[in-house]
Amino acid sequence: MRYLNEVRELGRWIDVYAFPTGEPGSRQLAVLFTDVTERMRMENEMMHATRVLQENDQRKNEFLAMLAHELRNPLAPLRFGLEVLHDKSDQDADILEVQDMMRRQVDQMVRLVDDLLDVGRATSGKITLHKEQVELNLLLRQAAAAMQPTMDALEQHLAVEVPDEPIFVHADPARLAQVVSNLLNNASKFSDRQGRVELSVRVDNGRVVVQVSDHGIGLREADMPRIFDLFTQVDSSLERSTTGLGIGLTLVRNLMQLHDGSVEVHSAGLGQGSTFTLTLPLMVDGPSAVVPGQSGTARTATRALKILVVDDNRDASELLTMILGRHRHVVRMAYDGMEALNLAAQFRPDVILLDIRLPNLNGYEVAKRIRQKEWGKATYLVALTGWGQPEDREKSFAAGFEKHLVKPVDTAVLLGLLTDLSR
């Protein structure tokens, strides 16, 4: 038998062991005392340290979510404002060039915010993939096209080599596109002006191999094993004008592992460029898969919608209202939750674009109250918010929203949704 007692007078922990001795049936006992004070102290300290780490991790995730929300709010009017300026046809070439530059910088800021959130979720195992059959050829061409304006500004050449025959993989198309985009952005960032970046794909032994190569800064042999570690900034003797947060490649590695794939890097040394190699399982005899966002025919709205825009960021509201008005929709604005409820009861909108964090009454509560009204049951509710965590989306749908869009929303995505609703 074993008992664990505390000798309170001495403030020490003692293991007490009692066991029978002597002949069978004897009532004699031997008692052994062992001082385990140091062991118990260490165990208690480890338990405390574990609790502290868990609490710190939770606080970190909450901080990152708040940071993302606060950064996305000012990005929304910037993106809407660029869209308004782009629609004006009487601008000269210099102004258009400045607008393109600003749009690229806004897109880069959005990418950094998304990566910052995603790497926290990935390292804690909170990213859920939505896999489907994806035509990889098409996805790679899309990623290259999205990167082209940034590379054009640096006079860089992007060479894309994909076979004519479709290659299918079972993957989350948005996350896989994010992986490829991160690698292309990384290759461009660490290449010289007028440099060359190559994107290729092939099938090898039942695996799909995607490579992104550049002829830029390169890597020391000692740096290659740690290049995918979180917050790693490779120390190079070559001066660079661009840096990063050290999270993009960590996110690439984690997302590839979630896809049952891998990523490796090879470089012949400083100044010799780098090649990142992705491997994924090949889907044999996959059907014609479609990457989301593609459409064979142009879509046009058949009728004007009555839209209520609700956001306490007045700049974002006014610019979005201007964009929607130019597409023939009838738009009203509200800046807090109670005002939204009162105006919606009078206006009876077809669609409400509703922020979540609002004065007086938050967006979740506004949505619930609208759904309780007879006229509100037919209203299409869209959460347009800086909150983009999975739990935020779950709360939106539970409150009655049909759609959850994260700021700064791509206006093409939003207008496409409204066009579908207008039919």
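None of the figures in this text is laboratory data; all of them are computed from the coordinates on show. These figures come from a predicted structure and were not determined experimentally. All Cβ positions, even for glycine, are placed from backbone atoms using ideal geometry, and neighbour counts span all protein chains on display.
Once backbone amide H atoms are built at 1.01 Å from N, residue 262 has 279 as its partners under 5 Å, excluding neighbours fewer than 5 places away on the same chain. When the listed pairs 189/403; 306/373; 189/395 are checked against a 26 Å cut-off, the alpha-carbon distance exceeds it for 189/403; 189/395. Counting neighbouring Cβ atoms within 10 Å and putting the fewest first, the residues 419, 385, 279 line up as 419, 279, 385. Amide H contacts for residue 389 (H built 1.01 Å from N in the peptide plane; partners 5 or more residues away or on another chain; cut-off under 5 Å): none found. Note that region 253-263 has calculated 3J(HN,Hα) couplings of 4, 5, 5, 5, 5, 5, 8, 6, x, 8, 9 Hz, one per residue in order, obtained from phi through the Karplus relation 6.51 cos²θ - 1.76 cosθ + 1.60 (θ = phi - 60°); glycine and proline are x. Cβ-to-Cβ counts within 10 Å put 397, 276 in ascending order as 397, 276, the fewest first.
One-quarter of the Cα convex hull surface for region 132-281, in nm²? Write down the numbers at each step before the final one.
On the way: hull surface 33.8 nm².
Computed as one quarter of the Cα hull surface, the answer is 8.4 nm².
Kirkwood's formula applied to the C-alpha pairs of region 164-224 gives a hydrodynamic radius of 13.4 angstrom. Between the amide H of residue 283 and those of 168, 169, 170, distances stay under 5 Å, these residues lying 5 or more places away or on another chain, with hydrogens modeled in the peptide plane.
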